Amino acid sequence: PAQVVSDTRRLSDVQWFRDNYGDAVQTVRVVATEETRKKRNWVFVAGVDDAESECGLDQGVAFDWVITNDGDKRSLDEQLETLLQSLRSRL
């Protein structure tokens, strides 16, 4: 009864799902601060991290859910549980 697509990268990807599945689509964005990302060994690479495939959804999408993943396990678990409860209620 549900499909999970884990890695859309462009506005046209999100639009395709919305056009084809309408209100059944729930968009989820996972964010972390730059500081947290650096602690996880992320280093900005020009031409890669500023390409559409990496930042094409930074603007123009009103996400249904924004999950913050800055290393606080309890907070992450709470956010994910709330998301799961909402999704289950839609099935």
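Below is a table of values for the structure above.
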read-out: Filtered residue count, segment 38-83, keeping only those that are outside any loop (DSSP other than H, G, I, E, B) and modelled with pLDDT of 95 or more; value: 17
read-out: Pair list, Cβ < 7 Å and 6+ apart or interchain, from segment 42-54 residues that are free of Cβ contacts under 8 Å to residues at least 24 places away in the same chain to residues that are open to solvent by 60 Å² or more (accessible area, probe 1.4 Å); value: 48/54
read-out: Complete set of residues in segment 1-48 that are of a type in the set (S, T, N, Q), out of contact with any helix residue (DSSP H, G or I) (no Cβ under 9 Å at 6 or more places or on another chain) and either farther than 27 Å from residue 89 by Cβ or open to solvent by less than 70 Å² (accessible area, probe 1.4 Å) (or both); value: 12, 33, 36, 41
read-out: Residue list for segment 1-44, filter: closer than 21 Å to residue 69 by Cβ and either in contact with a Lys or Arg (Cβ under 6 Å, 6 or more places away or on another chain) or of a type in the set (Val, Ile, Thr) (or both); value: 4, 5, 8, 14, 27, 28, 30, 31, 33, 36, 43
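The values are calculated or read from the model by the stated rules, or taken from the named source; none is laboratory data. Computed from a predicted structure; not experimentally measured. A quick note on method: Cβ atoms are made from the backbone with ideal geometry, for glycine too, and the neighbour counts reach across all protein chains shown. Ligands, DNA and RNA are stripped out before the accessible areas are found, and what is left, the full protein with its side chains, is counted by its heavy atoms. Shrake-Rupley method; radii C 1.70, N 1.55, O 1.52, S 1.80 Å.
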